[in-house]
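Written below as structure tokens is the structure these notes are about.
Read-outs: derived from the displayed coordinates by stated rules, not from any lab. Predicted model only: the values in this text are computed from it and were never measured. Every residue, glycine among them, receives a Cβ derived from its backbone with ideal geometry; neighbour counts consider all protein chains shown.
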Amino acid sequence: MSRLNQLSRRNIIKAGIAGLSATMLASFTSIRKVTADENKKSIKTDFEKVCYSELLPHEFRKRLAERPIAYLPLGTLEWHGEHLPLGSDAIQSEGLMIECARKLGGIVMPPIHLGPDRAKLTDDGNMLVGMDYARTTTPPHQLDGSCYWIPKGLHMAVIDSILSQLKRAGFRVVFADGHGPSRLNWAENIEEREARFGLKLFGVTEDIRKQWKCQIDHAGRNETSIMMKLRPELVDLSQLPESRSVWPQGVGGEDPRDATAVFGNECLNKSIEIIRQKFLNAGII
Ligand SMILES: [Zn+2]
């Protein structure tokens with residue numbers, strides 16, 4: 001920087017400081033006085049870290065040695081009514097799994113938002129996927145925000161690659177779930193993959209499907225309640241039609257306008273209990 005530039009820069013800074021009010025200067029002074037100790041106290045540390053991407057190597061080694069369980073949240077980016085976010089599926093499966101890992105041990109993988117679903121070509125050459133042509137989508141059309149659909153074969157290839165890496169990283173058990181079509185695709189291939197990868201795999205399989213309480217509708221009372229429990233700031237019921245005689249577009253199940261966080265909590269706890277039983281029966285915990 002030239003001498004001239006330095007001088008003019010100093011003048012600008014001086015003029016700036018002169019223009020600051022006493023209160024503003026006092027607040028700058030107080031920022032400088034914060035000690036390292038005070039700073040540490042202000043950072044939230046009273047929670048158990050369980051997400052793979054957040055762990056330091058020594059934390060990862062410890063959790064893996066205690067319980068070599070990986071949780072794989074499945075999802076997609078898809079219309080979930082006007083009142084829920086587009087990534088609702090993986091937000092819910094990840095939220096459930098974080099609670100599982102805190103209560104039962106293990107590590108939560110980053111969610112897979114890519115998901116398979118039914119798809120068909122319309123007469124005018126457009127492709128409709130998933131909820132685009134559900135009974136409650138009238139008329140059938142491309143719903144806003146639906147994205148990240150991938151063919152079933154590609155989804156299987158992605159999951160296969162993850163499983164071989166989980167095995168390599170030292171995991172022995174994997175629980176995966178979330179987003180109806182991903183759930184079914186995972187569950188129907190469990191046996192074959194257990195044999196191929198030498199892992200013990202769990203999902204929402206036929207034997208527990210009736211008791212299972214998470215993600216059992218589409219943006220209805222169940223999913224909306226779980227979202228209200230996990231991420232209330234992302235739910236906006238005021239976006240739904242006020243009149244009960246108008247059913248919300250592209251929503252399936254019980255009425256989301258009856259959703260509560262208390263019900264969402266009950267659903268999460270019942271599902272966690274089912275997983276606990278599954279792990280107990282298999283001698284994993
Ligand atoms: Zn969903």
At q = 0.24, 0.30, 0.31 Å⁻¹, base-10 log of I(q)/I(0) for segment 243-285 (Debye sum, equal scatterers on each alpha carbon): -0.84, -1.00, -1.02
Loop-located GluC sites (Glu not before Pro) in segment 180-257 whose Cβ has at most 12 other Cβ within 10 Å (DSSP): Glu188, Glu242
Shape call, segment 31-173: gyration tensor on alpha carbons, a/c limit 1.5: oblate
0 to 90° range, to nearest 10: angle between helix 261-281 axis and the chain longest Cα axis: 60
For segment 253-285 and segment 41-75, distance of Cα centres in Å: 21
Estimated dipole of the chain in Debye, rounded to 20 [Cβ of Lys and Arg +1, of Asp and Glu -1, Cα centre]: 1760
Approximate spin-label separation Asn189-Thr138, in nm, with each point projected 7 Å along Cα-to-Cβ: 3.7
Cα→Cβ-extended label distance, 7 Å offset, between Asp207 and Thr260, nm: 3.5
Cα-derived Rg over Rh, computed across the chain with Rh taken as Kirkwood radius: 1.13
Residue among Leu74, Leu128, Leu104 with the largest mean-square fluctuation in a Gaussian network model of the chain, springs linking Cα atoms under 10 Å: Leu128
Degrees between helix 221-230 axis and first principal axis of the chain (Cα, 0 to 90, nearest 10): 30
Charge dipole (the chain, unit charges on Cβ, about Cα centre) - positive-most of Leu121, Cys267, Gln277: Gln277
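Quick check on segment 103-214: take the gyration tensor over C-alpha atoms, sort the square-rooted eigenvalues as a ≥ b ≥ c, and tell me if it's rounded (a/c under 1.5), prolate or oblate. Don't jump to the answer; show the numbers that get you there.
On the way: a/c = 2.41, a/b = 1.90, b/c = 1.27.
Prolate, because a/c is 1.5 or more and a/b exceeds b/c.
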Options Ser164, Leu201, Ser182, ranked by Cα towards positive dipole end of segment 152-212, top entry (Cβ charges): Ser164
